[in-house]
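The values are calculated or read from the model by the stated rules, or taken from the named source; none is laboratory data. Since the model is a prediction, treat every value here as computed from it, not as a measurement. When we count neighbours, we look across all protein chains shown, and the Cβ atoms used for this are built from the backbone with ideal geometry, even at glycine. What goes into the accessible areas is simple: the full protein's heavy atoms, side chains included, and nothing from ligands, DNA or RNA. Shrake-Rupley method; radii C 1.70, N 1.55, O 1.52, S 1.80 Å.
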Amino acid sequence: MPVTASIIIPNWNGLHHLKVCLQALCKQQFEQFEVILVDNNSTDGSQKFVKENYPEFQVIELKE
């Protein structure tokens, strides 16, 4: 199925928001999308959480 929409989520230590946000994205009806998390050097485990629980989503880790 081709991707017709990209959802780009900027993140910095927003793990508490990601849990709700990503669950909601997975439950919606539209299926032709990709999720890209752009992480601004979080220290709260955000990157690990997404990689372990949502391996289908892309994580871009910035150094700052």
Next item on the list: Among residues belonging to region 6-25 that are polar (S, T, N, Q) and more than 12 Å from residue 49 (Cα to Cα), point out the one that is nearest to the chain's Cα centre (by Cα).
Entry: 11
Checklist line | Listing of strands (runs of 3 or more DSSP E) fully contained in the chain that carry 1 or more residues being at pLDDT below 95 | finding: 5-11, 33-40
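Would you tally the residues in region 27-55 being in contact (Cβ under 8 Å) with a residue 12 or more places away in the chain and within 16 Å of residue 7 (Cα to Cα)?
Total meeting the criteria: 12.
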Notebook entry, point to check: Quick one: in region 26-44, which of the residues that are surrounded by 15 or more Cβ atoms within 10 Å (Cβ to Cβ) and among the hydrophobic types (A, V, I, L, M, F, W, C) is farthest from the chain's Cα centre (by Cα)?
Noted result: 35
Notebook entry, point to check: Among the residues of region 1-25, which ones are open to solvent by 40 Å² or more (accessible area, probe 1.4 Å) and among the aliphatic types (A, V, I, L, M)?
Noted result: 1, 3, 7, 8, 20, 24
